[in-house]
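Written out below as structure tokens is the structure these notes cover.
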Amino acid sequence: MHATDALIEAERLMTVCNSCRYCEGLCAVFPAMEARRAFPDGDLNYLANLCHGCGACYDDCQFAPPHEFEVNVPKVLAQVRAESYAAYAWPPAAAPLLRRNGLAVALIAALSVALFIVGFIAASDPAALWSSGAEPGAFYRVMPHGAMAALFGAAFLYAILALCLGVRRFWSEIGGSKAPALDTRALWQAVRDAGRLRYLDGGGMGCVTDDARPKDGRRHAHHMVFYGFLLCFASTSVATLYHYLLGREAPYDWHGLPVVLGTLGGLGLVGGTIGLYRAKQTRDPALVDPRQLGMERAFLAMLFLTGLSGLALLLLRDTAAMGILLALHLGIVFGLFITMPYGKFVHGIYRFAALVRYASERAATRS
Ligand code: SF4
Ligand code: SF4
């Protein structure tokens, strides 16, 4: 018995594919499937999160609609994947957020925090709201460093806690806890596979589009977003070290490491999210699970706004718009943090866990 209709359909497809095996060279899903004879829910969730949705197995499939078998692996695994995010979410009561359009929640949180900051400054030091801020410490006239660290530290720690508890349940259900305690080789293999998005290349052809010509744009845009996010995180980490270890206060010079990392990261987020949005517009509709569109657009919109507001703050920090832009940027980052465990962000974490499991299984098969 399976918990949902999507899982029932996924089991049917995996049984058909396990007899056919035509697609075994395309990605990690098919070799992992071939190692199994039965497909309980945990294994189907594992296979669904291994799938990168390139669409190649739909394009190649002789049993795809209009064939009576109606095999559409990418779409069904996308449905199972989305359900798995809600099934393992922590706390479980927050799972409905994953099923609704998270954009409204994230934007309301972002605007609430931005308005709170603006209202706080307007009441305590109205002049600070319209002051320009290129000199060290200027940002902290808008919001004291202690308050900024407390607010964002709490939001960040909450997001990390919720993500860790969710992925711990996922890891346990996909059988990861039966693997050796710390399989460093499998971990390293998964880091390499995730870092180059190995299974998003459609077996070397690129992702399937609506004009049936595979293209690599989706993978390149995904890379820009992924590395843009990491660079923004690195920028914030370096700035924190500057503050606490060197006593140097933000904002920093244009050529300073936090600014260089943040600028490259912001450009990656803006360019990558535009590229992913365009790739969604040209995606073969047969592969799309319409129920996920709201969640995906919400995540892209929040990442785009994070990058854009960060770049605008950098460009206009010498002007009277600095205070408002800083409040807006902080609000958007806060909204991104608190909705991270309940939006598309989790796909990266679950997919990485599935890749570790896969690398560990392959190593066990070889030895
Ligand atoms: S997707 Fe189609 S062609 Fe590929 S293994 Fe499954 S049934 Fe065979
Ligand atoms: S990664 Fe691509 S080829 Fe593999 S199952 Fe998913 S859509 Fe099919």
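The table that follows gives values for the structure above.
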item	result
Cα-only radius of gyration and Dmax that characterise the chain, units Å	22.4, 72
Contour excess over end-to-end distance, with Cα ends at Asp210 and Glu24 and 0.36 nm allotted per residue	64.6 nm
Distance in nm between pseudo-label sites at Ala122 and Ala3 (7 Å out along the Cβ direction from Cα)	4.6
Under 15 Å from Lys344, Cα to Cα: aspartates and glutamates that are on another chain or at least 8 residues apart	Glu83, Asp289, Glu296
Inverse mean reciprocal Cα-Cα distance (Kirkwood Rh) of region 204-275, Å	13.6
Estimated dipole of the chain in Debye, rounded to 20 [Cβ of Lys and Arg +1, of Asp and Glu -1, Cα centre]	400
1.4 Å probe accessible area per residue over the chain, in Å²	48
Label-point gap, in nm, between Thr240 and Leu264 - each point 7 angstrom along Cα→Cβ	2.0
R0 of 25 Å, Cβ-Cβ distance Ala35-Trp188: FRET efficiency to nearest 0.05	0.75
Protein accessible area in the chain, 1.4 Å probe - carbon and sulfur %	65
Restricting region 1-90 to chymotrypsin sites (Phe, Trp or Tyr not before Pro) in coil, as DSSP defines it, with at most 16 other Cβ within 10 Å	Tyr22, Phe63, Phe69
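The values are calculated or read from the model by the stated rules, or taken from the named source; none is laboratory data. Note that this is a predicted model, so its numbers are computed, not measured. As a convention, Cβ positions derive from the backbone with ideal geometry for all residues, glycine included, and neighbour counts pool all protein chains shown. Protein only, heavy atoms only, side chains kept; ligands, DNA and RNA dropped before computing areas. Shrake-Rupley method; radii C 1.70, N 1.55, O 1.52, S 1.80 Å.
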